[in-house]
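**Student:** Once you've had a glance at the structure underneath, I'll fire off some questions.
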């Protein structure tokens, strides 16, 4: 257990978190561009207080803008305002939000649902800020609740601070920091031993990326500047570790005993640039990097253990929440254009617009009211927008264990359940695929299809008996899943098995090896990030199937006495919610 | 702020080598960089583009044409003629493709402004045209939509962008070094696409504390005074530049002897690489590195040095075999040539 002085009995985040958030925004105000920004997790009054505190330190003449999630590309980066241009008969440029906010603050509400294309643009703008001089400070307002609902990692990576304010109730006002603050430039660069301490702390916490390390360096200097010091001291490093490194911890540091007896080797090739030695600030016997590490440990988020345990802390690049986006108004099979207003991601079909406007030109030219304009006069009715057909469906892949052990017990039931799902799928226009494994191999009995009759026939013909080549079945399922994903659909796997593998991946019988292979294949599924459900169809639940589900990071559902209808009910509740991208555009 | 000097990048030798090979011989077909965030992938690519000497471009040309003799390769109307046939210097282009880029922006599209003002149907060059003779960098290429990746790889290999849409029919040169990066844990690239990258390197964050401290030190120095920092590394950068220039000169005259070709084929079949791309890339990359090193002829050691980066992304994946591709290649090398 992490010693967490901030956690009180009820487990809610204590005022320490709020204090740190205040400190973070104060530091951010000192070095807004170098630190990139801050992510504030959890809504509520605490977050408003923190934002107010930041606002108090941002000069009022600097722009402060909000980024709505539905913003389109032209508005974000600037470009031609199509509708206005056509109306005016000349090209009307619009300034992009990113240009407007240069040097100021950009606040992103609902950052955990930020679209990939937007986060990509923002990340690029932050990267190029140094060369373009059009940088901004990013505030990510993260309203995520679940562990995997997070702002896009590409953005979290490029900002210094992450503060979790969720569940915070005891509110305090911002303390008065830095009455004796000096400019950041007045603080000397970090001496080598300070760099060493930060690097060792990052290593101990498993922070692999270099960017947080650089942020930590700036934070330490800003913290020193806040205290009016011209050189970085140990408390500054502690603050940097707590604010920047700790929220990014991917592992718990090793026990102090093992850490303490190997202080970082004194590097002999250091240039003698800095002579001031923070060793003399060492108060107790512990080496300074341990103290910095302790400070960081105290601030490790509460759910980091869960995240590490689930292995997903750093996996989802898409910020979760919005589900797998499988299409947009910009892709798919092009259809003919239709009348409509461009904007909001809908693009103008220029040629069709021109085509619509041309026949009316002689009449429109005669109109007295027209000002001087372009050669072609447009009306709103002329506008045509592009359409694409996208079919983004969920494909449910059934992987049925048809081996002797399972078949005897439940195969008939499993078949019944699949048939029921098929009927439901037919209504919802989702697709199904069927994989069966028995004997020494696995087969795709049914590639993804909507054909109910084919599915039924394949099922009816499914024989039972033989060994359980579970590993081969899982591998095949994953391959099929990859094929499905590459076509822009979302696979969802349903394994109906008792989990007792007895045929190894290479086709040889043998229970231990078979089991090991099956678990390895299941971990492969987990690494591929597939949604899966393992339905235990053994007569009474055994640990095998549950372990399999665990390795696959799948939901586990023991069904000791189920009939087909119960099975179907379970499946329907386990299905992912229909996603916004799934509505077919006609 | 001045760019970060290429030679000041700590470690990451394999990635730097792959980029140099691609700079010497862009026909190698792009470099795929696998690795975590914050490992200096884009810094390295950007630094290399900044290191290369400025290129000559025809005035007014929207397609980055070189003032070389011969027929113009621009689509009509060639705007370069308006520039009076003069040329100017400009830095080697480095285009950073944003994740959400649409096909329009990548390929180029109908010039809206011209269409509105004069009713003319004119092609507005996209990012591919801007990257001509330079670098096209795509972060998180594994998250890019497949059809875009397809298109980019196709152009990268053929060196030409063909647009047939919106009533346009345009073709223009687009020769660039494609650098893709991605973290395989966040989604993989389809094997068919991976296979089309020439080289693949794996980068890891330096774990050694000394290296990390050195990185922080250099970044701080660069942030503090980028010009002075650049001057500090100018000599090293010049050395690399001369190496590239020498490599480009020597490349054409270097031939790959038959026994090296046999080695390439042996290695490919030993590790089980499908298709011929593996052999071809091995051959080109070996020639390229021999040219970089100033060698008189291509030897087996050149081949073996670049074999991991030329082949590791072409091996068939076996999720039950936890052995990494690199190890499999090294094992095959030790077995056949050890």
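**Student:** Being closer than 22 Å to residue A:518 by Cβ and either assigned by TED's automatic domain parsing to the domain that holds residue A:482 or at pLDDT below 75 (or both): is that true of residue A:452 here?
**Tutor:** Working: closer than 22 Å to residue A:518 by Cβ: no; either assigned by TED's automatic domain parsing to the domain that holds residue A:482 or at pLDDT below 75 (or both): yes.
In short, no.
**Student:** Got a number for residues in segment A:167-190 being touching a strand residue (DSSP E or B) at 6+ places or on another chain (Cβ under 6 Å) and buried (at least 18 other Cβ atoms within 10 Å of the Cβ)?
**Tutor:** Step one: filter segment A:167-190 for residues touching a strand residue (DSSP E or B) at 6+ places or on another chain (Cβ under 6 Å), giving A:167-168.
Keeping just the survivors that are buried (at least 18 other Cβ atoms within 10 Å of the Cβ) gives A:168.
Result for segment A:167-190: 1.
**Student:** Looking only at segment A:510-518, decide whether some residue is out of contact with any strand residue (DSSP E or B) (no Cβ under 8 Å at 6 or more places or on another chain), at the interface with chain B (Cβ under 9 Å from one of its Cβ atoms) and modelled with pLDDT of 85 or more.
**Tutor:** Yes, there is a match, as at least one residue in segment A:510-518 is out of contact with any strand residue (DSSP E or B) (no Cβ under 8 Å at 6 or more places or on another chain), at the interface with chain B (Cβ under 9 Å from one of its Cβ atoms) and modelled with pLDDT of 85 or more.
**Student:** Quickly run through segment B:191-204 and pick out the residues that are touching a helix residue (DSSP H, G or I) at 6+ places or on another chain (Cβ under 8 Å) and either facing chain A (nearest Cβ under 9 Å) or over 18 Å from residue B:329 (Cα atoms) (or both).
**Tutor:** As a first pass, look at segment B:191-204 and keep what is touching a helix residue (DSSP H, G or I) at 6+ places or on another chain (Cβ under 8 Å): B:193, B:195-203.
Residues satisfying the conditions are B:193, B:196.
**Student:** Something else: May I ask you to verify whether residue A:53 is in the same structural domain as residue A:164 (by TED's automatic domain parsing), part of a helix (DSSP H, G or I), under 20 Å from residue A:239 (Cβ atoms) and modelled with pLDDT of 85 or more? Spell out the reasoning first.
**Tutor:** Working: in the same structural domain as residue A:164 (by TED's automatic domain parsing): yes; part of a helix (DSSP H, G or I): yes; under 20 Å from residue A:239 (Cβ atoms): yes; modelled with pLDDT of 85 or more: yes.
Against the criterion (in the same structural domain as residue A:164 (by TED's automatic domain parsing), part of a helix (DSSP H, G or I), under 20 Å from residue A:239 (Cβ atoms) and modelled with pLDDT of 85 or more), residue A:53 qualifies.
**Student:** Among the listed residues A:21, A:7, which satisfies the condition of being at pLDDT 75 or above and over 17 Å from residue A:129 (Cβ atoms)? Step through it out loud before you land on a result.
**Tutor:** Details: A:7 fails: at pLDDT 75 or above.
Checking each option against the conditions leaves just A:21.
**Student:** If you don't mind, another one. Determine whether residue A:236 is more than 13 Å from every other protein chain (Cβ to nearest Cβ), crowded, with 20+ Cβ neighbours inside 10 Å and either more than 29 Å from the chain's Cα centre (by Cα) or outside any loop (DSSP other than H, G, I, E, B) (or both). Break it down stepwise before answering.
**Tutor:** On the way: more than 13 Å from every other protein chain (Cβ to nearest Cβ): yes; crowded, with 20+ Cβ neighbours inside 10 Å: yes; either more than 29 Å from the chain's Cα centre (by Cα) or outside any loop (DSSP other than H, G, I, E, B) (or both): yes.
Spelling it out, residue A:236 is indeed more than 13 Å from every other protein chain (Cβ to nearest Cβ), crowded, with 20+ Cβ neighbours inside 10 Å and either more than 29 Å from the chain's Cα centre (by Cα) or outside any loop (DSSP other than H, G, I, E, B) (or both).
**Student:** Taking segment A:126-143 as the search range and keeping residues that are out of contact with any strand residue (DSSP E or B) (no Cβ under 7 Å at 6 or more places or on another chain) and in a loop (DSSP other than H, G, I, E, B), which one is modelled with the highest pLDDT?
**Tutor:** Here the answer is A:143.
**Student:** Does residue B:86 meet the test of being at pLDDT below 85 and either farther than 24 Å from residue B:57 by Cβ or in contact with a strand residue (DSSP E or B) (Cβ under 7 Å, 6 or more places away or on another chain) (or both)?
**Tutor:** Values: at pLDDT below 85: yes; either farther than 24 Å from residue B:57 by Cβ or in contact with a strand residue (DSSP E or B) (Cβ under 7 Å, 6 or more places away or on another chain) (or both): no.
So residue B:86 fails the test.
Table: residues versus (1) facing chain B (nearest Cβ under 7 Å); (2) closer than 15 Å to residue A:240 by Cβ.
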position	(1), (2)
A:168	no, no
A:172	no, no
A:176	no, no
A:180	no, no
A:184	no, yes
A:187	no, yes
A:191	no, yes
A:196	yes, yes
A:211	yes, yes
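**Student:** Restrict the check to segment B:326-337 and report whether at least one residue is buried (at least 19 other Cβ atoms within 10 Å of the Cβ), more than 14 Å from chain A (Cβ to nearest Cβ), modelled with pLDDT of 90 or more and part of a helix (DSSP H, G or I).
**Tutor:** No, that holds for no residue.
**Student:** May I ask you to list the residues in segment B:215-231 that are facing chain A (nearest Cβ under 9 Å) and crowded, with 16+ Cβ neighbours inside 10 Å? It would help to see each step written out before you state the result.
**Tutor:** Let us first name the residues in segment B:215-231 that are facing chain A (nearest Cβ under 9 Å), namely B:215-217, B:219-221, B:223-224, B:226.
Hits for segment B:215-231 are B:215, B:216, B:217, B:219, B:220, B:221, B:223, B:226.
**Student:** What's the number of the only condition in (1) at pLDDT 75 or above; (2) more than 10 Å from chain B (Cβ to nearest Cβ) that residue A:358 fails to meet?
**Tutor:** If we test residue A:358 against (1) at pLDDT 75 or above; (2) more than 10 Å from chain B (Cβ to nearest Cβ), just (2) comes out false.
**Student:** Given the condition away from chain B (no Cβ under 11 Å), touching a helix residue (DSSP H, G or I) at 6+ places or on another chain (Cβ under 9 Å), at pLDDT 80 or above and buried (at least 16 other Cβ atoms within 10 Å of the Cβ), answer yes or no: does some residue in segment A:115-125 qualify?
**Tutor:** So the first thing to find is which residues in segment A:115-125 are away from chain B (no Cβ under 11 Å), and the list is none.
Within segment A:115-125, not a single residue is away from chain B (no Cβ under 11 Å), touching a helix residue (DSSP H, G or I) at 6+ places or on another chain (Cβ under 9 Å), at pLDDT 80 or above and buried (at least 16 other Cβ atoms within 10 Å of the Cβ).
The values are calculated or read from the model by the stated rules, or taken from the named source; none is laboratory data. Just so it is clear, the model here is predicted, and its values are computed rather than measured. Ideal geometry is used to build each Cβ from the backbone, glycine not excepted, and the neighbour counts take in all protein chains shown.
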